[in-house]
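The values are calculated or read from the model by the stated rules, or taken from the named source; none is laboratory data. Given the structure is predicted, the values throughout are model-derived calculations rather than measurements. Using ideal geometry, Cβ is built from the backbone for each residue, glycine included, and neighbour counts are taken over all protein chains shown. Ligands, DNA and RNA are stripped out before the accessible areas are found, and what is left, the full protein with its side chains, is counted by its heavy atoms. Shrake-Rupley method; radii C 1.70, N 1.55, O 1.52, S 1.80 Å.
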Amino acid sequence: LEDQVEKSKVETVQLQAKSSELRNQVQTYDLIMLAEASINEHQYDKAMNTIDKAIENDPKDGRALLTKARIFKRQAMDAQPPERDQLLSQAVAYADHAIALLPGKGEPIYNKACYLAQLNGDKAANPENKGAILDNLKAAFNLNPALRNTAKADNDLSSLRQDADFKQLVGENAPPAA
């Protein structure tokens with residue numbers, strides 16, 4: 001009987017821990033959704049405060065880190081150099097963290113490519129910049145082929161729109177038949 005009581009106590013503690021973990025996940029998700037709503041309302045400071053709470057709640061939630069990257073990118077679009085470049089660099093760094101925490105997801109990799117394209121601006125099509133952008137896009141497309149269609153019209157990638165390698169990657173023109 002004592003063994004059963006002890007086993008029951010252990011199971012109760014395990015269930016309480018699992019319940020606490022689930023509450024934490026729900027709270028983090030709710031904070032991410034609140035931050036997303038603030039982004040959509042162009043309330044970037046409010047979005048940043050909210051997402052910081054989500055990250056504090058769960059620093060290993062890749063979705064929260066990706067949302068923070070998106071906030072930096074949106075802030076960058078309203079800023080002038082050099083602040084713009086600093087914000088885009090932070091977006092790239094947070095996208096890298098999200099990529100590490102969300103293996104098998106194409107979206108963080110795709111976003112990183114977009115941030116790199118924005119960071120390099122008119123120089124995105126230069127060979128030294130283009131390689132990293134296209135490599136990230138290719139990796140994202142391999143994980144989520146639907147992103148290929150998104151890339152065709154994404155304004156973040158407009159600096160590459162006329163590039164032959166970009167066109168081939170997104171499927172806008174097929175390579176010549178052999």
Charge dipole of the chain about the Cα centre (unit charges at C-beta), most positive-ward option of GLN16, ALA117, LEU101: ALA117
How large, in Å, is the chain by the Kirkwood hydrodynamic radius built from its alpha-carbon pairs? 18.1 Å
Most to least accessible of ARG70, ARG63 (protein chains only, probe 1.4 Å): ARG63, ARG70
Through the Karplus equation 6.51 cos²θ - 1.76 cosθ + 1.60, θ set to phi - 60°, convert the phi angles of region 2-17 into ³J(HN,Hα) values in whole Hz; use x for Gly and Pro. 4, 4, 5, 5, 5, 4, 5, 4, 4, 5, 5, 4, 5, 5, 5, 5
Can you tell me how much longer the chain between LYS18 and ASN142 gets when fully stretched, taken as 0.36 nm per residue apart minus their C-alpha distance, in nm with one decimal? 41.2 nm
What is the angle, in °, between the Cα long axis of helix 44-57 and the longest principal axis of the Cα atoms in the chain? Nearest 10 is fine, range 0 to 90. 40 degrees
Before I look further, what does the chain give for accessible area per residue, probe 1.4 Å, in whole square angstrom? 59 Å²
What order, most packed first, do the peptides 77-87, 24-34, 5-15, 106-116 have when packing is the mean number of other Cβ atoms within 10 Å of each residue? 106-116, 24-34, 77-87, 5-15
Using Cα atoms only, what is the angle between the long axis of helix 127-143 and the major principal axis of the chain, expressed in degrees (0 to 90) to the nearest 10? 50 degrees
Show that you can apply the helix-only estimate: for the chain, add -39,500 (n - 2.57) for every DSSP H stretch of four or more residues, divide by all residues, and state [θ] at 222 nm to the nearest 500. -25000 deg cm²/dmol
Please report the carbon-and-sulfur percent of the accessible area for region 1-98; probe 1.4 Å, protein heavy atoms only, DNA, RNA and ligands left out. 50 percent
Degrees between helix 83-101 axis and first principal axis of the chain (Cα, 0 to 90, nearest 10): 50 degrees
Shape of region 80-178 from its Cα gyration tensor (a ≥ b ≥ c, root eigenvalues): rounded if a/c is under 1.5, otherwise prolate when a/b > b/c, or oblate? oblate
Which shape class, rounded, prolate or oblate, goes with region 88-144 when its Cα gyration tensor gives a ≥ b ≥ c as root eigenvalues, a/c under 1.5 marks rounded, and past that a/b bigger than b/c marks prolate? oblate
Would you mind calculating the gained length between ALA164 and ASP96 on full extension (0.36 nm times residue separation, minus the Cα-Cα distance), in nm to one decimal? 21.8 nm
